[in-house]
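Shown next, in structure tokens, is the structure this report addresses.
Just so it is clear, none of the values below were taken in a lab; they were calculated from the coordinates. Keep in mind the model is a prediction, meaning the values are calculated, not measured. Neighbour counts run over all protein chains shown; Cβ positions are idealised from the backbone, glycine included.
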Amino acid sequence: MQTALASYGGNSLATNSPSPYYASGASPHAGSAISLKDLLRVAIRYKYMIMAIMAAITLPVLAHQLLSPTIYRSTAHVQVELIDQVGTNQADVIAQNAQRVANAVRLHSSRSAAEHVIEDLDLLNDPHFKKDMGNIGSGDKDYIYLAINRLLSMVTVAAEPNSDLLAISVSSRSPELAARIANQIPASVRAVRASKNNELRAQLLASLETEQHERGEIAAATAQKVAEFRQNHRMLVGAGGAEDLAQLNRIATQAAAASASREGSAARSGGIAAAGSMQSTAQASSAGLDQLERRHADLVAESSKLTSSYGPNHPDVKRISSQIDAVESAMAVERDNAQSAARAVAAAESARMTQIARSDAAGEAAAAARLNGILASVENKSYENVGNSVQLENLVRESTLADESYKAIAARVEQVRAQMQEEGVSSSIVSPAVPNLDAIAPAPLKYTIIAFLGSGILAFLLAFLRDFLDDRLRTSAQIRKYFGLPTFGMLPLLAQDQPADDPSDSPVIADPQSLFAEVSRSMYCEIRSLRQKPGSQVVLVSSPLPGDGKSTVTLTLAAAGLAMGDRTLVLDLDLRKHGYLQRLQNNIDSPDLIDIITGQADIDGLLPLPQEGVTDGDDGEFANPPRIGLLSAHNPVEEPAVLLSSPKLAKLLRDLREKFDFIVINAPATLAVRDARAMGQFADQTIMVARWGRTTIEQMDASLDLHHYAVSGVIFDHVDYAEHARLRYGDSVQFYVDSSDYYSDDFEHPQGIVTRARNWMRRRRRPAWNQPELA
């Protein structure tokens, strides 16, 4: 798409960049943070919607609270019996207790419990309960079901956190009835549990216990058969199997060990006898021999001492020598006696050991013979046990199956008992309910404030959502942000939008001090500053869709040019339909565009040009004042494409450039037909018109994308200045009232909430005689 980035100073730069809106892929509000200014703008823009939403929510809540009956609530606390087992897995105990509390909550809020409460308290005939039901006729066949539903809606059962207490709360119009129902619910729950669940489980448990007894008897009988068979056939546990073989191996091993011991004992007896004959007595000794040897040693020592002192011939030495000889002779005799005694002792000991070895050999031989006999007997019994093992195995198998069957039914009985203990929750009232005269509802102030705040938040969220989804163009900042184009002007919405019958009767000329005229002249100057060279300027005006106000903008630009002293002409090339400019063409004496192109008329027949005016009188006013030239077709053209492609139209524009300073071409809507795209070649600048608050970003982007030539800028039409200022977009329009002294318009200054409240109070205090008369 070709766009033109132009500054307000008049410089123009043509580019071929795509639309910034689609290039960025952003939404109209992307990247913008919500500020207090945005909040205020949204609140002002959608104030009626916000007030309607808040009123639609708050008023019904207030009315409901004011019309609702007084409700009282009574609460009873019930304690649930929990499991307290020592030595078991505490995690399982905690899980079972939590399940018991949950079961108690479900039981106390069940329909069966509610039905029992209604029957126990005879609530169907209670006048207070009938009021809670809305005084529905008791003849209704579904009356009991309606009563149960109503009672369940009145009851709230909740478990206290980390506790075994249940809070049973009942809401009713009667505080006494609420307390009675809260206290009756636990008793009714016990009745329901006793009459239904436990009865069925008790029957099941009785059946299981009977079957358990029968299976126990069968298991005992089969075990007795096994015991009798073992007793009759003398078969211990394990007989006829691997244990018999192990026993045979043990006895055979013991017999072999006994035989080996016998042989060893015999060999030991022979060895002992031979060893006894080989025993030496050379070292035999006795007490006398030992004494003589000590005496001999003493004498030898004394002889050596005397010999060294007196010599060998000393009488004492000789005396001691004779004593030594006598002692040695005695020692020889005593040694022979000791050896004889030692030989006698050795012979006796050898005989004793030999006899002992022979006795041991005889004992081992007897033990081996006995073990061999036992081995033969056990072996015979083992063969007999093998023959009886088949029948024994059948009896053991029957006993095992009977025992397993008994254990299974016993486990099932314990499971049912545990389930009865778990589901049959025992509970008791620890804090009975008493009538509570403090009403819990209605609370008009509380719920009205909540509804007001909640509806306000919801309304603001919806307003922000609506504002977020609103992509309609309203500000020059949007044009600059999404399309990179300048905004030449924002034409105010006229109080009287009925167009004049003469193009020269524009408010720009009729009321030159008005805000509309000032904006028009400023807009005209901005566009005239876009000229690249001196001389005539041709401007093409189009809009995305029909009805955007391009015809009004076209005439306004021409009127502004005329007011600025330029020769202006409006060339209407929107020839497919009978529009406003064609109606003006028929009202004034101006040649037809088709006649000029076909040569049946010339441009000299146009309205008087500005310089042709002639003054009349002393006041210097024009007797024939300058007027806006208008060139259009009297009737719609069937094939405008032929006209637009005709060389005569190009020649006509060249001739008009010589006659007029400022030519405004009114082109068809860009998105409606392709004529506006083809007309770009005739103009120096192309201007797009956006209807304030109606033209969307997508429409403008599609229009700019369809133009083959650069678009210089955008003009807003039908701008509601008062609304624009209230929305606080932050541009110059927001402060237009503060500059009202420069214009002839009578602007009404917007009043804030405080000012409005102060004026209302003053009017309330003003006496009747001081009231101003109404015109």
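Stokes-Einstein D for segment 530-596 at 37 °C, 0.692 mPa s, Kirkwood Rh over Cα pairs, in µm²/s?
242 µm²/s
So for segment 634-742, Kirkwood radius off the Cα pairs, Stokes-Einstein at 37 °C and 0.692 mPa s: how many µm² s⁻¹?
For the chosen part, D equals 196 µm²/s.
Using amide H atoms built in the peptide plane, which far-off residues or other-chain residues are under 5 Å from R576 H to H?
Hits under the 5 Å cutoff: V637.
Would you mind putting 350-359, 577-586 in packing order, based on average other-beta-carbon counts within 10 Å, highest first?
Descending packing order for the listed peptides: 577-586, 350-359.
If you average the sequence gap of Cα pairs under 8 Å that are 6 or more apart and divide by the length of segment 477-603, what percent do you get for the contact order?
Relative contact order, segment 477-603: 21 percent.
Which value, in debye to the nearest 20, describes the size of the charge dipole of segment 36-92 about its Cα centre when Lys and Arg Cβ atoms bear +1, Asp and Glu Cβ atoms bear -1, and nothing else is charged? Kindly include the intermediate steps, with their values, before the conclusion.
Working: 5 positive and 4 negative charges, 185 e Å.
Approximately 880 debye in magnitude.
Between R250 and I136, what is the spin-label point distance in nm, taking each point 7 Å from the Cα along the Cα→C-beta axis?
Going from the R250 label point to the I136 one covers 8.6 nm.
Give the dimensionless ratio obtained when the Cα radius of gyration of segment 124-190 is divided by 2.2 N^0.38 Å.
Numbers: Rg = 13.4 Å, N = 67, 2.2 N^0.38 = 10.9 Å.
Normalised by 2.2 N^0.38 Å, the Cα Rg of segment 124-190 equals 1.24.
What relative contact order, as a whole-number percentage, does segment 75-179 give when Cα pairs under 8 Å and 6 or more residues apart are counted? Please report the intermediate quantities before stating the final value.
On the way: 105 pairs, mean separation 39.2, N = 105.
This gives 37 percent for segment 75-179.
Regarding segment 454-584, what's the average projected area of the Cα-atom convex hull, expressed in nm²?
11.2 nm²
Work the Kirkwood hydrodynamic radius out for segment 313-460: mean of 1/r over every pair of different alpha-carbon atoms, inverted, in Å.
So the Kirkwood estimate lands at 30.9 Å.
Taking the highest mean first, how do the peptides 112-121, 428-437, 565-574 order by number of other beta carbon atoms within 10 angstrom per residue?
Packing proxy ranking, top to bottom: 565-574, 112-121, 428-437.
How much net charge surrounds A676 when only other residues with a Cβ under 11 Å from its Cβ are counted (Lys, Arg +1; Asp, Glu -1)?
+1
Find the percent of Cα-Cα distances in segment 382-466 that exceed 17 Å, and round it to a whole number.
79 percent
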